[in-house]
Amino acid sequence: FLPLKQTAKESCVAKFGPLPSKWQMASPEPPCMKNTSDGKLKILQNALYSIFGEVVFDPNYKGVAPFAVQLRKNAIIIQSLINSSRIQTIGGTYEFHAGDIIDLIFNSEDQVLKNNTYWGIFLVAKPQFIA
Amino acid sequence: FLPLKQTAKESCVAKFGPLPSKWQMASPEPPCMKNTSDGKLKILQNALYSIFGEVVFDPNYKGVAPFAVQLRKNAIIIQSLINSSRIQTIGGTYEFHAGDIIDLIFNSEDQVLKNNTYWGIFLVAKPQFIA
Amino acid sequence: FLPLKQTAKESCVAKFGPLPSKWQMASPEPPCMKNTSDGKLKILQNALYSIFGEVVFDPNYKGVAPFAVQLRKNAIIIQSLINSSRIQTIGGTYEFHAGDIIDLIFNSEDQVLKNNTYWGIFLVAKPQFIA
């Protein structure tokens, strides 16, 4: 036996990585979010969501781009990491709205160890506020 | 059908802003918290709570006060932002006790865009620990 | 009445401190974690977990060790605090795996006020991802 709301929550979880670098969903068609063809995540329902993730910097990165990771909502930075310490945490709880596009971008794709780097999102609650 | 505990959780959510700048509750009289007459939040039950929020700095702010945001518990700072990057995240999970007063204060009220700035709190769990 | 999953979640909460400095569990033998004889926490189930906590620096600390707090997974730092501001927050949501060992260490045990410093962990969700 599973109550309806609990079931809805368990199925509203999406995760990108670690390898393979693709979106994994907790249900075939989660009601609250979907991945876009270009690797981003589209929010389908107004709600409180939590973002989680670990970004692992590759100490053998030889490129010249400064290490930088950005979590964005509608292309606006809502969190950024510029420190190169080995493992870093991204995440937090946000109120997102239907249509919001969330993505996580790196200054250079090969700055991170893809077998250890992942991020994801889950629906926390859908409060109905009274004015 | 909604089990009792789940219902209690869904109703223990409070949010301040974005505009209008006032507290919104997910139930008329949430059992775990209430807003005070001076815009703060009073915790009514010992529990784990999550705080969430986005603070958007106003790039057109002309004042002289340094940009500063403080999340406080009983007037003691538990989180602070002093960076003026556009959007910043506040939040985290805390064990609060009945009687705790939580507030979010700005160095100057007009440093932030009130139509995009909000913060809130919800009850995560009420674990009964065994010694 | 409590649905099975909700019950499981409520019981998968562990907390260390504030005084007494020992692990407290929300059930006698939580299915998802256990404390080790050396004060660490061992994860027993693959799942999303949230870590929470407040670290309160002792302003009267007379030692020479720089203030430093590290949250670690399998002895690798996943979060660190080096700032000596009075109260600091640790925490975040992570995907942990069975066998992971989590601990929180201080540069010197007497750098923090043990009657106000605590940290803990709870199971958030056990999503079953579809490939």
- Residues of the range C:42-53 satisfying the condition of being within 13 Å of another protein chain (Cβ to nearest Cβ), under 14 Å from the mean Cα position of the chain (by Cα) and not aromatic (Phe, Trp, Tyr): C:Leu48, C:Ser50, C:Ile51, C:Gly53
- For the range A:26-53 the number of residues that are farther than 18 Å from A:His97 by Cβ and buried (at least 20 other Cβ atoms within 10 Å of the Cβ) is 3
- Message: Could you list, ordered by first residue, the pairs with Cβ atoms under 8 Å in which the first is in the range B:84-99 and more than 7 Å from every other protein chain (Cβ to nearest Cβ) and at negative phi and the second is part of a loop (DSSP other than H, G, I, E, B) and among the aromatic types (Phe, Trp, Tyr), at least 6 apart or interchain?
- Response: B:Ser84/B:Phe67
- Taking the range B:92-116 as the region of interest, how many residues are polar (S, T, N, Q), modelled with pLDDT under 95 and surrounded by 19 or more Cβ atoms within 10 Å (Cβ to Cβ)? 1
- Item | Count of residues meeting criterion [in contact (Cβ under 8 Å) with a residue 60 or more places away in the chain and within 11 Å of another protein chain (Cβ to nearest Cβ)] in the range A:101-131 | 11
- Item | Hits in the range C:86-102 - residues which are under 17 Å from B:Ser80 (Cβ atoms) and touching a Phe, Trp or Tyr at 6+ places or on another chain (Cβ under 7 Å) | C:Arg86, C:Ile90, C:Gly91
- Selection from the range B:54-83 of residues that are over 16 Å from the mean Cα position of the chain (by Cα) and exposed (fewer than 14 other Cβ atoms within 10 Å of the Cβ): B:Pro59, B:Asn60, B:Lys62, B:Gly63, B:Val64, B:Ala65, B:Pro66, B:Ile82, B:Asn83
- Pairs returned, first residue in the range B:1-29 that is under 17 Å from B:Ser50 (Cα atoms) and within 8 Å of chain A (Cβ to nearest Cβ), second residue that is at pLDDT below 95 and open to solvent by 60 Å² or more (accessible area, probe 1.4 Å), beta-carbon separation under 6 angstrom, 6 or more apart or interchain, are B:Gln6/A:Lys5
- Message: Can you tell me how many residues within the range A:63-89 are among the small types (Gly, Ala, Ser) and touching an Asp or Glu at 6+ places or on another chain (Cβ under 7 Å)?
- Response: 1
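The values are calculated or read from the model by the stated rules, or taken from the named source; none is laboratory data. Bear in mind the structure is a predicted one, so any value in this text is a computation, not a measurement. With ideal geometry, Cβ positions are generated from the backbone for all residues, glycine too; neighbour counts draw on all protein chains shown. Ligands, DNA and RNA are excluded from the accessible area calculation, which covers all protein heavy atoms including side chains. Shrake-Rupley method; radii C 1.70, N 1.55, O 1.52, S 1.80 Å.
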